[in-house]
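This report refers to the structure that appears directly beneath it.
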Amino acid sequence: MKIIRAKDYYDMSRKAANIISAQVIMKPNCVLGLATGGTPVGIYKQLVEWYNKDDIDFSEVTTVNLDEYRGLPREHPESYWSFMHRNLFDLVNIRPERINLPDGTNLDAAAECARYDYVIQRVGGIDLQLLGIGHDGHIGFNEPGSAFELGTHCVDLTEETIEANKRFFASKEEVPRQAYTMGIKTIMQARKVLLVANGAGKAEIIKRAFFGPVTPEVPASILQMHPDCTIVLDAEAASLI
Ligand code: PGA
């Protein structure tokens, strides 16, 4: 586990974008595992800027996203499909057929999760998985108590996550109650992991996850066991370590 301290959100975003960019330069046909949420927006912005300067080429890249709300139409502005198209896919030369997300519109959870695990396997596994971290230590939608050995599965969102995500919806009632997510097993099988966090609100969970015991109660803590995990933090998120 390597911890990189950045000055602020902008610096965190640039450092993380540099790591992703290096991955794409080293292996142009790599598989990037991507994440949504507030934290990675600055990373995608930076990658788009470099793409516009001809410094990064996504033409051979394949992507697999971490998660998607179950039951939300793709076109809904808060679906992760929409988020990714708005923040990255529509702005760079990634090929639509190489973009993969769980299909939240397939309500058959068992079939959809099996399909997504097969997609990840078929593309050869994930070279670099980008992650944010929830205030409760979740990664993807793997909430506290999630078994470490799960592949893609359907989860009920915790009250805390619904509360944290309601800022993106007109009301709390509109926040979907379930999601499909890669499991901890899937994430741990990625060849590299890059976790990013910023802001004072994440300082406590960063300390618990990476300087406390490895436990399913703090899902991100398992990353202490990953052979190639890099964590990029701004000064506030790193303030308790
Ligand atoms: P955030 O979410 O980037 O919006 O803080 C992180 C997460 O819940 O994984």
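Some points to look at:
- The range 129-154, residues that are within 15 Å of Ala179 (Cβ to Cβ), more than 10 Å from the ligand (Cβ to nearest atom), surrounded by 21 or more Cβ atoms within 10 Å (Cβ to Cβ) and at pLDDT 95 or above: Thr152, His153
- Residues being of a type outside the set (Ser, Thr, Tyr), at negative phi and open to solvent by 10 Å² or more (accessible area, probe 1.4 Å) - total across the range 114-126: 7
Table: residues versus (1) more than 30 Å from Glu174 (Cβ to Cβ); (2) modelled with pLDDT of 95 or more; (3) of a type outside the set (Asp, Glu).
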| residue | (1), (2), (3) |
| --- | --- |
| Val24 | yes, yes, yes |
| Gln46 | yes, yes, yes |
| Ile56 | yes, yes, yes |
| His76 | no, no, yes |
| Trp81 | no, yes, yes |
| Met84 | no, yes, yes |
| Pro102 | no, yes, yes |
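- Across the range 42-97, the number of residues qualifying as assigned to a loop (DSSP other than H, G, I, E, B) and over 18 Å from Val196 (Cα atoms) comes to 23.
- Subset tally (residues that are open to solvent by 40 Å² or more (accessible area, probe 1.4 Å) and within 23 Å of Gly104 (Cβ to Cβ)) for the range 39-78: 9
- The range 19-42 residues that are closer than 16 Å to Val64 by Cα, paired with ones that are within 16 Å of the ligand (Cβ to nearest atom) and not aliphatic (A, V, I, L, M) (beta carbon under 7 Å, 6 or more apart): Gly33/Gln129; Leu34/Asn65; Ala35/Gly132; Thr36/Tyr80; Thr36/Phe83; Gly37/Gly132; Pro40/Gly132
- Matching residues, the range 1-38, being crowded, with 20+ Cβ neighbours inside 10 Å and in a loop (DSSP other than H, G, I, E, B): Ala6, Cys30, Ala35, Thr36
- Ala164 being out of contact with any Phe, Trp or Tyr (no Cβ under 7 Å at 6 or more places or on another chain), within 13 Å of the ligand (Cβ to nearest atom), without any contact (Cβ under 8 Å) to a residue 60 or more places away in the chain and closer than 15 Å to Ile139 by Cα: yes
- Just one of the listed residues (Glu97, Glu149, Glu112) is of a type outside the set (Ser, Thr, Tyr) and in contact with a helix residue (DSSP H, G or I) (Cβ under 9 Å, 6 or more places away or on another chain), namely Glu149.
- No other residue among Ala237, Ala220, Ala190, Ala179 is part of a helix (DSSP H, G or I), crowded, with 17+ Cβ neighbours inside 10 Å, within 16 Å of the ligand (Cβ to nearest atom) and not aromatic (Phe, Trp, Tyr) apart from Ala220.
The values are calculated or read from the model by the stated rules, or taken from the named source; none is laboratory data. Because the structure is predicted, anything quoted here is derived from the model rather than measured. Positions of Cβ are backbone-derived with ideal geometry, glycine not excepted, and every protein chain shown enters the neighbour counts. Heads up: the accessible areas ignore ligands, DNA and RNA and are worked out on the full protein's heavy atoms, side chains in. Shrake-Rupley method; radii C 1.70, N 1.55, O 1.52, S 1.80 Å.
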